[in-house]
1. Amide H neighbours of Gly122 under 5 Å, at least 5 residues apart or on other chains, H built in the peptide plane: list them.
2. Debye calculation, C-alpha points only, no solvent: report log10 I(q)/I(0) for segment 1-146 at q = 0.15 Å⁻¹, in the same order as the q values.
3. Under the Karplus relation 6.51 cos²θ - 1.76 cosθ + 1.60, θ = phi - 60°, what is the ordered set of whole-Hz ³J(HN,Hα) values for segment 70-84, x standing for Gly and Pro?
4. Could you work out the helix-only [θ] at 222 nm for the chain, with each DSSP H run of four or more residues adding -39,500 (n - 2.57) and the total divided by the number of residues, to the nearest 500 deg cm²/dmol?
5. Quickly rank 129-139, 13-23 as a protection proxy: mean count of other C-beta atoms within 10 Å, highest first.
6. Measure off 7 Å from each Cα along the Cα-to-Cβ vector at Arg307 and Ser54, then give the distance between these two points in nanometres to one decimal.
7. Test of understanding: in a Gaussian network model of the chain with alpha carbons linked when under 10 Å, which of Gly118, Gly160, Gly233 would top the mean-square fluctuation ranking?
8. In vacuum, with every alpha carbon of segment 60-107 counted as one equal point scatterer, what does the Debye formula give for log10 I(q)/I(0) at q = 0.30 Å⁻¹? Two decimals, please.
Amino acid sequence: MRVLVTGGAGFIGSNIVDMLLENGHEVSVIDDLSTGFEENLNRNATFHRLDIRSAEAAAVLEEGGFDILCHHAAQMDVRRSVREPLFDADVNIRGSLGLLEACRRGGVRRVVYASTGGAVYGEPESVPVTESHPINPICHYGVSKHTVEHYLFLYRHLYGQDFVVLRYPNVYGPRQNPRGEAGVTAIFTLAYLEGRAPRMNGDGTQQRDYVHVRDIARANLMAMDLSNDRISGRILNLGWGRGRTVVELDRIIRELTGTSLEPTNGPELPEEIRRISLDSSLAASLLGWEPSIPFEEGLADLVEYHRRRVEGA
């Protein structure tokens with residue numbers, strides 16, 4: 001297949017690109033490197049340094065003869081979305097809509113869209129959350145990501161544009177940026193390896209559903225299977241279905257890094273939910289996907305990745 005991955009120099013996108021190439025697919029990447037990194041790019045993929053909002057990006061998609069658009073480029077920082085809601089909407093909604101127009105004109109057979117289970121549902125009524133749970137986001141990022149789901153439904157209804165939405169849990173693993181505001185696993189890991197105490201928002205009893213990036217990449221490849229009609233036009237949660245507290249995560253990372261430091265505590269953030277975990281039974285039934293990398297094993301993988309980078313610096 002010919003696949004275009006937007007955000008393919010980013011954390012999740014680059015891991016998907018690698019897995020696609022490992023499986024013999026022809027891959028192109030669009031990324032403006034605003035949050036992605038050139039070092040993440042696979043040299044066997046064709047790279048276009050472009051903003052997804054640009055006419056040039058639309059032209060690449062429209063004229064490239066792609067079977068699949070795997071759409072991961074986004075403004076994905078929850079806190080920035082609250083500070084800069086117009087920017088968040090411009091990238092996530094207007095940028096995505098331009099790509100959908102290019103898909104329509106270019107005959108792209110399926111869009112695989114990276115959405116967020118951690119932000120679209122808001123504070124859940126019960127956990128684990130199924131796809132039928134009410135949508136009540138408490139941050140602008142959750143609103144903008146969910147809005148694109150409506151556009152996907154519309155384009156399938158009006159133009160027959162096939163799509164699959166994957167609602168992500170908290171994704172972690174190699175290449176997650178430890179210098180940003182998001183990604184607690186990477187932020188805590190690098191801080192301890194560098195001899196710094198990270199800051200924990202609130203008391204650390206917040207619960208998140210953590211899934212390793214390789215499991216997420218595998219789900220994306222499975223969602224690209226054009227012979228699977230059962231997933232056409234479906235929204236699928238990805239997750240373990242159980243939450244882990246930040247306190248638990250911190251304890252494991254401290255053991256793996258061998259530090260005697262402990263985190264400091266800051267205030268809770270109003271745009272962050274207290275607990276979330278995602279029921280992925282529909283993904284298991286329709287996609288054949290279940291997470292496979294245990295949390296402790298995945299964190300060990302992440303710690304070793306950052307340890308090598310720190311020691312090699």
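1. Correct list: Asn136, Ile138.
2. -0.76
3. 9, 9, 10, 5, 6, 7, 10, 8, 4, 5, 5, 4, 6, 6, 10
4. Numbers: 12 runs with 125 residues, N = 313.
It lands at -12000 deg cm²/dmol.
5. 13-23, 129-139
6. Placing both labels 7 Å along Cα→Cβ, they lie 4.1 nm apart.
7. Highest fluctuation of the listed residues: Gly160.
8. Computed log10 I(q)/I(0) values: -1.05.
All of the numbers you see were taken from the coordinates with simple rules; none came from a lab. This one's a predicted model, so the numbers in the text were calculated from it and none came from an experiment. Cβ: placed from backbone, ideal geometry, glycine included. Neighbour counts: every protein chain shown.
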